[in-house]
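J.: The structure follows.
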Amino acid sequence: MASLSKRGGGGGTEGMLASFSRSSVASYGREAATMGKKLLRSTGKAAWIAGTTFLVPLIIEMDREQQLNHIELQQQALLGPAPPAK
């Protein structure tokens, strides 16, 4: 234990980490991390808005097409096949 404190490996390391965490480099790092989180959050929101803006009309149009196909099949079943062309 005494040999660690003589070489600076004991309590000196904690002091070095504490002084680094108060340094301007660490401050800039924390600020960059905060800005990165905000950027990712806003990018995710923008992607969600864009995705739903384009997907909802597509889903509605696909549903309409399916309903139209279903109606045509029902009409064919009721009226029979089309007469042959002359």
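J.: Looking at L78, is it assigned to a helix (DSSP H, G or I) and either at pLDDT below 90 or touching a Ser or Thr at 6+ places or on another chain (Cβ under 8 Å) (or both)? Walk me through how you get there before you give the answer.
T.: Numbers: assigned to a helix (DSSP H, G or I): yes; either at pLDDT below 90 or touching a Ser or Thr at 6+ places or on another chain (Cβ under 8 Å) (or both): yes.
Taking the combined requirement at face value, the residue satisfies it.
J.: Residues of segment 54-73 being open to solvent by less than 80 Å² (accessible area, probe 1.4 Å) and of a type in the set (S, T, N, Q), which ones?
T.: N69
J.: Is it fair to say A85 is modelled with pLDDT under 90 and outside any helix (DSSP H, G or I)? Explain how you work it out, then say what you get.
T.: Details: modelled with pLDDT under 90: yes; outside any helix (DSSP H, G or I): yes.
Judged against the criteria, A85 is a match.
The values are calculated or read from the model by the stated rules, or taken from the named source; none is laboratory data. Predicted model only: the values in this text are computed from it and were never measured. Here Cβ is always computed from backbone atoms with ideal geometry, including for glycine, and neighbour counts include all displayed protein chains. Areas reflect the complete protein model, heavy atoms only, side chains present, ligands, DNA and RNA absent. Shrake-Rupley method; radii C 1.70, N 1.55, O 1.52, S 1.80 Å.
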